[in-house]
Amino acid sequence: MGKNTKKNTTTYEDVNDNTWFWLIQKGTTTTTFTTITLFALLIRFMVSLYPYSGSGNPPKFGDFEAQRHWMEITINVPIREWYRNGTDNDLSYWGLDYPPLTAYQSFLHGIFLRFFCPHCVSLFDSRGHESYLGKQLMRWTVISSDVLIFFPAVLYFLIVHYKQPSPSRKSDLAWHTTMLLLNPCLILIDHGHFQFNCISLGFTVAAVAAILSGKDLVGSVLYCLALNHKQMSAYFAPAFFSHLLGKCLRRQHPLLEVSKLGLVVLGTFVAVWWPYLYSTNSALEVLSRLAPFERGIFEDYVANFWCATSILIKWKRLFATGPLKLLSFSATIISCFPSMVQQIKSPSNQGFLYGLLNSSLSFYLFSFQVHEKSILLPLLPATLLAMEEPFIFRWFMQFAMLSMFPLMVRDGLIIPYFALFALFFLVLNAPGQQKVRDNNFLSNYLGSTSMHLILCCSLILHIVYLTMQPPKKYPFLFEAMIMNLCFSQFVIVTLGYNIKQWMLNKPEKLEEIEKKLI
């Protein structure tokens with residue numbers, strides 16, 4: 001009997017090593033994912049029918065025009081001139097300010113647009129181009145990016161995360177898939193406001209899945225691609241670094257393992273940056289475009305520490321850019337340090353997911369020049385952890401939505417905002433779905449009455465922002481109120497997830513005793 005047990009165990013492990021074998025054998029999984037994918041695409045198409053950032057708002061329009069202009073520049077200007085100010089490339093008009101992989105993506109999409117609508121990307125003549133065909137083609141570039149990168153990455157993660165799906169977990173799989181593909185914030189920003197976050201986030205999800213399945217080198221390459229598409233992917237860097245370092249230190253030849261990872265990372269960066277490595281000055285030109293320090297430590301009303309505390313401490317008046325950069329960097333590193341230590345000390349797949357969330361939250365709260373849209377980064381690992389932490393995920397998502405509300409109003413996306421908000425809560429509370437699987441950290445900490453009061457304030461702020469005019473003396477009063485409410489909740493969520501991560505190190509018996517005492 002012992003031999004048979006061993007044989008069965010070996011067979012099971014062999015099957016799990018081939019994750020694609022699992023996909024082929026489990027037809028219900030493929031059907032579930034396909035159905036949800038088609039519905040997610042339909043939602044994206046519907047949101048794309050609404051306005052976008054800067055619609056009909058000359059002279060510089062908004063993010064839509066920025067993306068279109070980058071396509072115009074990359075297909076009409078030599079590659080070495082893409083980040084350089086010149087006669088054909090005026091950097092003061094939406095100059096490229098993302099890493100080279102974004103430029104390559106813009107080049108490919110520019111070729112696509114030029115084939116169907118040459119006037120959309122004609123050098124100089126296409127500025128502010130808003131024809132119906134041009135807008136539809138631009139929307140298609142984002143949807144195709146979702147289909148080609150983000151959706152497959154989510155499928156890869158689900159295959160790794162649910163290696164042994166059972167009938168009792170089929171509803172969990174469907175629910176988690178829906179949460180990942182119907183993330184209301186991501187849909188509103190990419191398919192409403194207009195951006196390509198699905199590409200960098202897709203590479204990040206694929207990198208996480210690869211590392212969870214033990215393919216650390218593949219995961220490192222994928223994460224480097226995410227970092228080379230949008231520099232904000234650095235929000236996840238401390239988590240990737242600490243987890244991989246922790247794993248390397250526990251292997252037989254730690255120095256060799258670290259060297260392999262270092263060479264892979266270096267090789268990926270060299271491959272992506274190759275056109276700009278012919279001289280130091282060329283590489284520095286690109287780097288200088290990636291750090292918008294001249295905009296100040298924060299912009300607009302983002303729900304992070306610097307903006308929230310600026311009501312009392314006028315950071316921009318009291319400090320020059322140099323000291324603020326140092327202060328911001330120090331606060332960011334200090335806040336994510338406990339999470340890093342936990343993963344170096346006790347690396348685990350579960351701890352890695354918590355680390356991704358805690359690291360990105362630290363960057364969102366304390367790093368330099370954070371935008372409202374940056375909330376998408378901590379939302380990604382929060383969604384990956386949605387099955388383990390459904391209550392905190394729900395709480396986090398609704399305040400992430402609220403933090404973006406003023407931006408959605410400016411873009412004319414009020415109807416999609418509320419429609420996706422309603423859809424999110426319908427799916428979240430779907431029949432047969434367990435409402436709360438964790439020990440409800442937030443409820444224990446805040447109390448039921450406080451939580452209902454906070455939710456009531458959130459609802460009132462939505463109504464007030466849409467129906468009332470702020471005092472002339474304080475024109476941004478309502479934005480400040482929304483920002484401070486969201487900031488307070490983000491801080492609580494950050495504390496909760498850090499505690500959750502460190503509790504992974506506690507002995508099982510101690511956890512059982514704590515649960516009995518609650």
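The values are calculated or read from the model by the stated rules, or taken from the named source; none is laboratory data. Because the structure is a prediction, the values reported are computed rather than measured. All Cβ positions, even for glycine, are placed from backbone atoms using ideal geometry, and neighbour counts span all protein chains on display. Accessible surface areas use protein heavy atoms only, side chains included; no ligands, DNA or RNA. Shrake-Rupley method; radii C 1.70, N 1.55, O 1.52, S 1.80 Å.
Given a 1.4 angstrom probe, I'd like the percentage of the accessible area of region 61-215 that is carbon and sulfur, rounded to a whole number.
Summing carbon and sulfur atoms, their accessible area is 61 percent of the total for region 61-215.
Within the set of other residues whose C-beta is less than 13 Å from the C-beta of N358, count the net charge using Lys and Arg as +1 and Asp and Glu as -1. Intermediate results must be reported in sequence, preceding the final value.
Details: positive: K500; negative: E389.
Net charge in that neighbourhood comes out at 0.
So how much slack lies between N85 and N505, counting 0.36 nm per residue of separation and subtracting their Cα-Cα distance, in nm?
Numbers: separation 420, 0.36 × 420 = 151.20 nm, distance 5.23 nm.
Computed gain between N85 and N505 is 146.0 nm.
Describe numerically, in nm with one decimal, the distance between label points set 7 Å from Cα along Cα→Cβ at S55 and at E388.
Going from the S55 label point to the E388 one covers 4.0 nm.
Any idea what the relative contact order of the chain is, in percent, if you count C-alpha pairs under 8 Å spaced at least 6 apart?
Numbers: 613 pairs, mean separation 82.3, N = 518.
Answer for the chain is 16 percent.
What percentage of the solvent-accessible surface of region 292-507, computed with a 1.4 Å probe over protein heavy atoms, is contributed by carbon and sulfur atoms?
Carbon plus sulfur share of accessible area: 70 percent.
Once the convex hull of the C-alpha atoms of the chain is built, how many Å³ does it hold per residue, rounded to a whole number? Let's see the in-between values first.
Details: hull volume 93.8 nm³, N = 518.
Taking only Cα atoms, the chain has a hull volume of 181 Å³ per residue.
Calculate, for S288 and A419, the FRET efficiency according to 1/(1 + (r/R0)^6) with r their C-beta to C-beta distance and R0 35 Å; round to the nearest 0.05. Show your work: numbers first, answer last.
Details: r = 41 Å, r/R0 = 1.17.
Approximately 0.30, to the nearest 0.05.
For region 292-507, taking Cα atoms only, what is the radius of gyration to one decimal and the Dmax to the nearest whole Å?
Cα-based Rg and Dmax for region 292-507 come out at 18.0, 58 Å.
Extension gain F124-L455, at 0.36 nm per residue separation less the Cα-Cα distance, in nm?
Details: separation 331, 0.36 × 331 = 119.16 nm, distance 4.86 nm.
Computed gain between F124 and L455 is 114.3 nm.
At 222 nm, what value in deg cm²/dmol follows for the chain if DSSP H runs of at least 4 each add -39500 (n - 2.57) and the sum is divided by all its residues, to the nearest 500? Numbers along the way, then the final one.
Numbers: 25 runs with 350 residues, N = 518.
One gets -22000 deg cm²/dmol as the mean residue ellipticity at 222 nm.
Please compare each pair in K316/K373; K247/K325; K60/K135; K135/K373; K215/K373 to a cut-off of 27 Å on the Cα-Cα distance and tell me which ones are over it. List each step's numbers first, then the result.
Values: K316/K373 22 Å; K247/K325 32 Å; K60/K135 16 Å; K135/K373 22 Å; K215/K373 30 Å.
Correct reply: K247/K325; K215/K373.
If the chain between V491 and W274 were fully stretched, how many nm would it gain, using 0.36 nm times the residue separation less the Cα-Cα distance? Intermediate values should be presented prior to the final figure.
Values: separation 217, 0.36 × 217 = 78.12 nm, distance 4.05 nm.
Here the answer is 74.1 nm.
With a ≥ b ≥ c the root eigenvalues of the C-alpha gyration tensor of region 141-261, is it rounded (a/c under 1.5), prolate (a/b larger than b/c) or oblate?
Details: a/c = 2.65, a/b = 1.33, b/c = 2.00.
Verdict is oblate for region 141-261.
Which of the cysteines found in the chain have nothing to pair with, since no other Cys Cβ lies under 4.7 Å from theirs?
Singleton cysteines: C185, C198, C224, C248, C307, C336, C456, C457, C486.
Roll a 1.4 Å probe over the protein chains and send me the accessible area per residue for the chain in Å². Could the numbers behind the result be given before it?
Details: 23550 Å² over 518 residues.
Each residue of the chain exposes 45 Å² on average to a 1.4 Å probe.
Can you give the Rg/Rh ratio of region 82-193, where Rg is from the C-alpha atoms and Rh is the Kirkwood radius?
Values: Rg = 19.0 Å, Rh = 17.0 Å.
My calculation of the ratio gives 1.12.
Please check the chain for the longest run free of chymotrypsin sites (Phe, Trp or Tyr not before Pro) that are loop-located per DSSP (anything but H, G, I, E, B) and have at most 10 other Cβ atoms within 10 Å. Mind showing how you got there, number by number?
Details: sites that count: F124, Y278.
Within the chain, the longest run free of exposed chymotrypsin sites (Phe, Trp or Tyr not before Pro) spans 279-518.
Among residues other than E257 whose Cβ falls under 9 Å from its Cβ, what is the net charge (Lys/Arg +1, Asp/Glu -1)?
Details: positive: K247, R251, K260; negative: D216.
Spelling it out: positives minus negatives among the neighbours equals +2.
Quick one: net charge of L182's neighbours, Cβ under 15 Å, K/R +1, D/E -1?
Its environment carries a net charge of 0.
By its C-alpha gyration tensor, with a ≥ b ≥ c as the square roots of the eigenvalues, how is region 248-347 shaped: rounded for a/c under 1.5, else prolate for a/b larger than b/c, else oblate?
Numbers: a/c = 3.41, a/b = 1.36, b/c = 2.51.
Oblate is the answer for region 248-347, as a/c is 1.5 or above yet b/c matches or exceeds a/b.
Taking the Cα centre of the chain as origin and charging only Cβ (+1 Lys, Arg; -1 Asp, Glu), how large is the dipole, in debye to the nearest 20? Don't skip to the answer; put the middle values down first.
On the way: 41 positive and 31 negative charges, 192 e Å.
Dipole about the Cα centre, nearest 20: 920 debye.
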